[in-house]
Amino acid sequence: MAEISKHMFESTCRDLHCSEILHPWDRSCWSSSIQTYKDSFIGSARFYAVIHLVQNAIRGKKVLEKNELIKAGEYYIRSTILGALISGTCVSLSCFLRFLIGRKINYYTYLMIPNMINGVFILLEPPSRRGLIINLFSNLVIEYWLRSLQRSGYISLGTSKQMLLFSLGSALLFYLMRLEGEKKNRTPLLWLFTPEKVRRKTDDTNNVCPHDGPCLQYIFKGSAKYFSAGLAFTFAKTILPKLRTPLKALSSIRGRHFSMALFFGSYIGIYRAVICFLCRKRGYDSALYALPAGYAAGLSFLFKPNLGFAIAALTGAFKIYSTTLYEKKILPEKLQLPLIMYCICQGILFHTRFMHPDVCPSYVFNLMKSVTNGRSDKIYKRLLEILKIASV
């Protein structure tokens, strides 16, 4: 997929009617919006069903409590509305901006600015989930920038360098998370799991490890739990869409479909094994043990090399550090930095999906296609057709 430059876009699309490249299924902005919002709600409901299913599965039996089930249902509805409004208003806002600037389509008013504006809908999510989504989008923007630099030849990021980045990030992240262990309200993070808090010497127990029961049971139980979660997530993506033909769905399973499960399971297993070893060796627990444990756990990256994971580890550590800055009043609470960051990141990513698809993170492709129920692909296909005709 080729890059679409500003000059190419504006020289070809500037004077086009919005129905040509925004809603080709209907010339009218008003009537086309009915179909857009309908597909947005359907796509959003399907997309977030899988996301919330996996997130709740990781929480275990706790989610089966009545209050937790009600909360899970409420959060799912909020996420569905969020996705539908962002997807639906994108086209509406772009049409409106075209009207404001004299019925002209600008390179930036096409997708970037509309998706920065509708980013305020993130406020529909509860604060605990809002932070996770903001963190995810920040990671994706950094991944896009790194891919752009790699494409231009400024940097080179092979699997070994990505693993080193992931290992360092995991070490810092787990260390900061264990330091936060004594806090009543911990920083919400979009990460694989939350490590146990440091066991103090004053605790009335002979166990020096941060868990109860035998170490081997603790290690294998954690590995099995997250291996299952990784497997469930992969199968939800590969098998659920093919449930109408069960035999075909089962026959499509390959060895690569277990890579996510192996990554999750080994990551938690290695971390816990190193923590227990150091606790037994030294005779006490310490937050510092998370540094070598997190670094060693980075070896699991070989099962599922992904630049996004490597970036997420470092940005997660930065988020905990930024929380400390807010607590110490170094950053003013009135400054809505997370909201501003999300709006900017969303605009950049959705713009990148169309204009720089070769360096756009794969998650953004899947997100836009799923939440729009395939409408984004139709718009992009139409845009390419217009550019191809103009180049002849």
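Hey, does segment 101-112 have a residue that's more than 21 Å from the chain's Cα centre (by Cα) and either more than 28 Å from L22 (Cβ to Cβ) or hydrophobic (A, V, I, L, M, F, W, C) (or both)? Before you say what the answer is, go through the steps one by one.
Quick first cut of segment 101-112, residues more than 21 Å from the chain's Cα centre (by Cα) only: 101-110.
Filter once more, so that each one left must be either more than 28 Å from L22 (Cβ to Cβ) or hydrophobic (A, V, I, L, M, F, W, C) (or both): 101, 105.
Yes, because at least one residue in segment 101-112 is more than 21 Å from the chain's Cα centre (by Cα) and either more than 28 Å from L22 (Cβ to Cβ) or hydrophobic (A, V, I, L, M, F, W, C) (or both).
May I ask you to list the residues in segment 65-109 that are in a helix (DSSP H, G or I) and touching a Cys at 6+ places or on another chain (Cβ under 6 Å)? Please lay out each step first, then the result.
Start the filter on segment 65-109 by keeping residues that are in a helix (DSSP H, G or I), which leaves 66-100.
Within segment 65-109, C95, R98 qualify.
Restrict the check to segment 166-176 and report whether at least one residue is hydrophobic (A, V, I, L, M, F, W, C), over 24 Å from G265 (Cα atoms) and crowded, with 16+ Cβ neighbours inside 10 Å. First the steps, then the outcome.
Step one: of segment 166-176, the residues hydrophobic (A, V, I, L, M, F, W, C) are 166, 168, 171-174, 176.
Now narrow it down to the ones that are over 24 Å from G265 (Cα atoms): none.
No: zero hits.
Scan Q35, Q55 and give me the residue that is open to solvent by 20 Å² or more (accessible area, probe 1.4 Å), under 27 Å from Y226 (Cβ atoms) and either among the acidic types (D, E) or assigned by the TED database to the domain that holds Y110 (or both).
On the way: Q35 fails: under 27 Å from Y226 (Cβ atoms).
The unique qualifying residue is Q55.
Quick check: anything in segment 318-331 in contact (Cβ under 8 Å) with a residue 24 or more places away in the chain and within 16 Å of the chain's Cα centre (by Cα)? Write out each step before concluding.
Residues of segment 318-331 that are in contact (Cβ under 8 Å) with a residue 24 or more places away in the chain, as a first pass: 319-321, 323.
Within this subset, residues satisfying the condition of being within 16 Å of the chain's Cα centre (by Cα) are 319.
Yes, because at least one residue in segment 318-331 is in contact (Cβ under 8 Å) with a residue 24 or more places away in the chain and within 16 Å of the chain's Cα centre (by Cα).
One residue is enough: does segment 136-153 have a residue meeting the conditions part of a loop (DSSP other than H, G, I, E, B) and either of a type in the set (A, V, I, L, M) or more than 18 Å from the chain's Cα centre (by Cα) (or both)?
Pass one, segment 136-153, residues part of a loop (DSSP other than H, G, I, E, B): 153.
Filter again for either of a type in the set (A, V, I, L, M) or more than 18 Å from the chain's Cα centre (by Cα) (or both), leaving 153.
Within segment 136-153, one or more residues are part of a loop (DSSP other than H, G, I, E, B) and either of a type in the set (A, V, I, L, M) or more than 18 Å from the chain's Cα centre (by Cα) (or both).
Any residue that is surrounded by fewer than 12 Cβ atoms within 10 Å (Cβ to Cβ), modelled with pLDDT of 70 or more and charged (D, E, K, R) - is there at least one of those in segment 196-210?
There is at least one residue in segment 196-210 that is surrounded by fewer than 12 Cβ atoms within 10 Å (Cβ to Cβ), modelled with pLDDT of 70 or more and charged (D, E, K, R).
Can you tell me which residue among L140, L64 is open to solvent by 70 Å² or more (accessible area, probe 1.4 Å) and modelled with pLDDT under 95?
Numbers: L140 fails: open to solvent by 70 Å² or more (accessible area, probe 1.4 Å).
After applying the criteria, what remains is L64.
Restricted to segment 270-288, and to residues that are open to solvent by less than 20 Å² (accessible area, probe 1.4 Å) and either of a type in the set (V, I, T) or in a helix (DSSP H, G or I) (or both), which residue is nearest to Q162 (Cα to Cα)?
Keep residues of segment 270-288 that are open to solvent by less than 20 Å² (accessible area, probe 1.4 Å), which gives 271, 275-276, 279, 285, 287.
So of that shortlist, the ones also either of a type in the set (V, I, T) or in a helix (DSSP H, G or I) (or both) come out as 271, 275-276, 279, 287.
Working: Y271: 19, I275: 24, C276: 27, C279: 29, A287: 25 Å.
Only one residue tops the list, namely Y271.
Taking the conditions exactly as written (of a type in the set (G, A, S) and at pLDDT 85 or above), does G255 satisfy them or not? Give the steps one after another, and end with the answer.
On the way: of a type in the set (G, A, S): yes; at pLDDT 85 or above: no.
Considered against the rule, which asks whether it is of a type in the set (G, A, S) and at pLDDT 85 or above, G255 comes out as no.
Just give me the residues in segment 42-52 being surrounded by fewer than 18 Cβ atoms within 10 Å (Cβ to Cβ) and either outside the structural domain of S128 (by the TED database) or hydrophobic (A, V, I, L, M, F, W, C) (or both), in sequence order.
I42, A49, V50, I51
Specify which of the listed residues (S40, S33, S79) is of a type outside the set (V, I, T) and in contact (Cβ under 8 Å) with a residue 60 or more places away in the chain.
Details: S33 fails: in contact (Cβ under 8 Å) with a residue 60 or more places away in the chain; S79 fails: in contact (Cβ under 8 Å) with a residue 60 or more places away in the chain.
Going through S40, S33, S79 in turn, just one is of a type outside the set (V, I, T) and in contact (Cβ under 8 Å) with a residue 60 or more places away in the chain: S40.
Scan L383, L367, L325, L314 and give me the residue that is part of a helix (DSSP H, G or I) and surrounded by fewer than 16 Cβ atoms within 10 Å (Cβ to Cβ).
Details: L383 fails: surrounded by fewer than 16 Cβ atoms within 10 Å (Cβ to Cβ); L367 fails: surrounded by fewer than 16 Cβ atoms within 10 Å (Cβ to Cβ); L314 fails: surrounded by fewer than 16 Cβ atoms within 10 Å (Cβ to Cβ).
Going through L383, L367, L325, L314 in turn, the sole match is L325.
Among (1) open to solvent by 70 Å² or more (accessible area, probe 1.4 Å); (2) touching a residue at least 60 places away in the same chain (Cβ under 8 Å); (3) in a loop (DSSP other than H, G, I, E, B), which single condition is L179 missing?
(3)
I'm trying to understand the selection: among the residues of segment 1-38, which are hydroxyl-bearing (S, T, Y) and assigned to a helix (DSSP H, G or I)?
To start, the set of residues in segment 1-38 that are hydroxyl-bearing (S, T, Y) comprises 5, 11-12, 19, 28, 31-33, 36-37.
Listed by number, the residues that qualify are S11, T12, S19, S31, S32, S33, T36, Y37.
Suppose we filter segment 338-364 for residues that are of a type in the set (A, V, I, L, M), touching a residue at least 12 places away in the same chain (Cβ under 8 Å) and open to solvent by 20 Å² or more (accessible area, probe 1.4 Å); how many remain? Break it down into steps so the answer makes sense when it comes.
If we filter segment 338-364 for residues that are of a type in the set (A, V, I, L, M), which is where we start, we get 339-341, 344, 348-349, 355, 359, 364.
Still in the list and also touching a residue at least 12 places away in the same chain (Cβ under 8 Å): 339, 341, 344, 348-349, 355, 359, 364.
Still in the list and also open to solvent by 20 Å² or more (accessible area, probe 1.4 Å): 339, 341, 344, 348.
Matching residues across segment 338-364 total 4.
The values are calculated or read from the model by the stated rules, or taken from the named source; none is laboratory data. Quick caveat: nothing in here was measured; it's all calculated off a predicted structure. So basically every Cβ, Gly included, is an ideal-geometry build from the backbone, and we count neighbours across all protein chains shown. Ligands, DNA and RNA are excluded from the accessible area calculation, which covers all protein heavy atoms including side chains. Shrake-Rupley method; radii C 1.70, N 1.55, O 1.52, S 1.80 Å.
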